[in-house]
């Protein structure tokens with residue numbers, strides 16, 4: 001109630017000021033000058049209250065963006081007006097361009113600045129110009145690759161060069177996962193935060209938390225793509241869908257899963273290896289083992305060796321969309337078969353025995 005009374009008092013006060021201090025009195029109509037001045041000042045007061053209401057319901061970013069946009073619009077309008085004045089054109093035409101520039105350009109700046117306020121955000125501008133240095137290589141971390149944890153091992157080996165960028169919106173998503181009511185999600189989120197903390201403590205690695213955000217973009221994946229365009233950097237992820245979408249939009253991607261597949265040891269048919277038979281295979285008498293990198297090894301006639309280490313010979317290697325599969329056979333079976341074939345042969349007799357048998 002008090003604010004309404006204050007606003008009404010402001011309008012009345014402006015009307016009174018305009019009535020007694022009107023700028024251009026009409027000599028032929030002495031009464032009209034004060035009335036026009038009072039009404040004009042009252043309307044101006046209503047406009048100020050309208051602006052105050054809009055500002056009150058707007059965020060600081062919107063107000064700041066609209067102010068900066070209007071400021072730039074006025075500057076560009078002044079430059080164009082000065083350019084028009086240099087031309088030898090009629091005064092009436094020049095006045096038309098003056099009014100056009102002074103109305104249209106500030107309005108355009110106000111409209112663009114209010115809708116794209118993040119362009120003029122002080123924190124964003126400072127962070128952008130601080131972080132975007134020529135010659136730097138940026139690797140932007142995705143939420144999934146932080147939770148995965150293998151990025152820490154890669155960083156520890158020293159193969160990652162440049163600057164690791166962790167966006168603020170990725171940290172928020174990681175925090176939401178860590179605060180989830182689901183125990184598994186909560187454990188994964190906390191693991192991701194621990195991995196990120198370990199990476200930050202590496203002395204030879206530069207890690208930056210980027211404040212750049214894109215309020216108009218809702219999905220985190222699309223925010224990462226936009227950030228990759230801004231920094232001209234590469235997104236580090238193990239998300240297959242993000243990998244494809246980023247490549248379609250012209251952003252380079254470093255996929256941890258592709259790196260892991262590329263680093264798997266090359267195995268050729270005929271080579272031997274020692275594996276631990278973990279479980280039974282799908283086919284009869286098959287045994288299944290796994291290498292350290294997760295590659296499945298299927299061994300024929302190895303069912304009875306479950307829970308034991310076994311030397312095998314590689315027979316073939318199959319590359320699938322899910323990864324690589326190795327097929328082998330048990331070398332101990334070959335040794336046993338050779339031993340049985342050897343033992344089944346009749347023993348050789350010496351010449352002395354044959355001679356003695358002949359004499360008898």
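Rule-based calculations on the coordinates, nothing more; no lab input. These numbers come from a predicted model, not from an experiment. Backbone-built Cβ (ideal geometry, glycine too); neighbour counts: all protein chains shown.
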Its Cα gyration tensor gives region 128-262 an equivalent ellipsoid whose semi-axes in whole Å, largest first, are 21, 18, 16
Listed with the fewest Cβ neighbours within 10 Å leading, 50, 86 appear as 86, 50
If the chain between residue 74 and residue 152 were fully extended at 0.36 nm per residue, the gain over the current Cα-Cα distance would be 23.0 nm
Nearest-0.05 FRET efficiency for residue 180 and residue 104 at R0 = 56 Å, using Cβ-Cβ distance, is 0.65
For region 136-194, using Cα atoms only, the Rg and Dmax in Å read 12.3, 40
The simple spin-label model distance between residue 266 and residue 201, using points 7 Å out along Cα→Cβ, in nm, is 3.9
Residue separation between residue 5 and residue 96 times 0.36 nm, minus their alpha-carbon distance, gives in nm 28.6 nm
